[in-house]
Amino acid sequence: MKKIHFDNLNKNWFLITVLILSIVFLLVGIFELIPFENPKINKRLSGVGFLLQALFFSRMFWYKNYIQWNKKGAVIRINSLLGKSLSFDQIKTTELNEKKLKITKTNGEIVIFDLKEIAESDTQKLNEIIVKNTIANTV
């Protein structure tokens, strides 16, 4: 059985620190806020900033099955190249039947994820994340 990599941005301070550090490197490198004797240092700093940004935003492509969520919504990528973006306040109902997760949005659109190759514990965790955050956003 395959596993899902779960990534909660609300609780991952390391990733938030990397993102802030990359922004600082970009600002210092591009606008030359610190005068260095060697002008190539500013270019290198901005290069490191861009590299950190690329690493931060490419995390979704490191795993075949990946879920990233925060309090507003989630990006779910199960056995596909690109993921589906879901806003928790637009989810009306969720059903987990026979290894298929069926999500009905408030506009009537239905999104179905096939979870037959995914471990049962990860399937349950995915459903709990969606249900918990959907209820939290409707209150």
Alpha-carbon gyration tensor eigenvalues x 5, square-rooted, for the stretch 1-75, Å
32, 13, 8
If you take every DSSP beta bridge fully contained in the chain, what fraction is antiparallel? Give it as a percent rounded to 5.
80 percent
Aspartates and glutamates within cross-link reach of Lys2: Cα-Cα under 17 Å, excluding same-chain residues under 8 positions apart?
Glu98, Asp114, Glu117, Glu120, Asp122
For the chain, the dipole about the Cα centre with charges only on Cβ (Lys and Arg +1, Asp and Glu -1), to the nearest 20 debye, works out at 120 debye
Using only protein heavy atoms and a 1.4 Å probe, report how much of Asp89 is accessible, in Å² to the nearest 10.
100 Å²
Which of the following values of Rg/Rh (Cα atoms, Kirkwood Rh) was calculated from the structure shown: [x] 0.95; [y] 1.13; [z] 1.05?
[y]
The helix 40-57 Cα axis meets the longest alpha-carbon principal axis of the chain at an angle in degrees, between 0 and 90 and rounded to 10, of 0 degrees
Is there a pair in Lys71/Lys125; Lys11/Lys43; Lys64/Lys99 whose C-alpha atoms are over 24 Å apart, and which pairs would that be?
Lys11/Lys43
Of Phe25, Gly83, Ile129, farthest towards positive along the dipole that unit charges on Lys, Arg, Asp, Glu beta carbons give the chain:
Gly83
Could you tell me the largest-minus-smallest coordinate of the C-alpha atoms of the stretch 31-75 on each of the three principal axes, in descending order and whole angstroms?
46, 23, 8
For the chain, take the longest principal axis of its alpha carbons; what is the angle in degrees between that and the long axis of helix 120-138, to the nearest 10 within 0 to 90?
80 degrees
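The values are calculated or read from the model by the stated rules, or taken from the named source; none is laboratory data. These numbers were taken from a predicted model, which means no experiment stands behind them. Using ideal geometry, Cβ is built from the backbone for each residue, glycine included, and neighbour counts are taken over all protein chains shown. The accessibility values were calculated without ligands, DNA or RNA, using every heavy atom of the protein model including side chains. Shrake-Rupley method; radii C 1.70, N 1.55, O 1.52, S 1.80 Å.
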